[in-house]
1. Return the residues of region 69-82 that are within 11 Å of the chain's Cα centre (by Cα) and either in contact (Cβ under 8 Å) with a residue 60 or more places away in the chain or closer than 20 Å to Ala43 by Cα (or both); say none if nothing qualifies.
2. Go through (1) among the hydroxyl-bearing types (Ser, Thr, Tyr); (2) closer than 16 Å to Ala10 by Cα; (3) at pLDDT below 90 and name the single condition Thr31 misses.
3. For region 31-85, how many residues are on the phi > 0 side of the Ramachandran plot and touching a Cys at 6+ places or on another chain (Cβ under 7 Å)?
4. Residues in region 71-87 that are assigned to a loop (DSSP other than H, G, I, E, B) and either under 13 Å from Asn49 (Cα atoms) or modelled with pLDDT of 95 or more (or both): how many?
5. Which ones in region 15-49 are among the charged types (D, E, K, R), farther than 19 Å from Ile84 by Cβ and more than 15 Å from the chain's Cα centre (by Cα)?
6. Which one of these is part of a helix (DSSP H, G or I), in contact with a Leu (Cβ under 8 Å, 6 or more places away or on another chain) and surrounded by 16 or more Cβ atoms within 10 Å (Cβ to Cβ): Ile96, Ile92?
7. Going through region 18-34 one residue at a time, which ones are in contact with a helix residue (DSSP H, G or I) (Cβ under 9 Å, 6 or more places away or on another chain) and not charged (D, E, K, R)?
8. For residues in region 6-61 being among the basic types (Lys, Arg) and in a helix (DSSP H, G or I), which is surrounded by the fewest Cβ atoms within 10 Å (Cβ to Cβ)?
Amino acid sequence: MNVEEIRNYALQKEDVTETFPFGEETLVFKTNNKIFLLMGLDAIEHSFNVKCDPDKAIELREEYPDNILPGFHMNKKHWNTIVIKGLKGTVIKQMIDHSYQLVQPKRKNKSA
């Protein structure tokens, strides 16, 4: 996937907005006023940051050591940096989907 395909995929999700709060070189995608994807637009090697469950983050970094790294400029426990080159589109979409789900409001169970 390229940057534009990733952008389009993120924007297809419900209630997503794109902004540039950190300057014109960093594209940020939010839902429910929470960031779930950040993408630098000025890098030679394109990558983006997504939220990730801490245990899953470790597993993914081990499985894809060249493409999934601790989040650059982010909390490394909860964020991964995804290097696009060489990573299948299905894996990229799964990472975006997972991040998006993590920032959704938690549903409260109603007890009878």
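1. Gly71, Trp79, Asn80, Thr81, Ile82
2. (3)
3. Qualifying residue count, region 31-85: 0.
4. Number of matching residues: 9.
5. Answer for region 15-49, where residues must be among the charged types (D, E, K, R), farther than 19 Å from Ile84 by Cβ and more than 15 Å from the chain's Cα centre (by Cα): Asp15, Glu24.
6. The match here is Ile96.
7. Leu27, Phe29, Thr31
8. In this case the residue turns out to be Lys56.
The values are calculated or read from the model by the stated rules, or taken from the named source; none is laboratory data. Quantities reported herein were computed from a predicted structural model and do not represent experimental measurements. For neighbour counting, all protein chains shown are included, and Cβ atoms are generated from backbone atoms with ideal geometry for every residue, glycine included.
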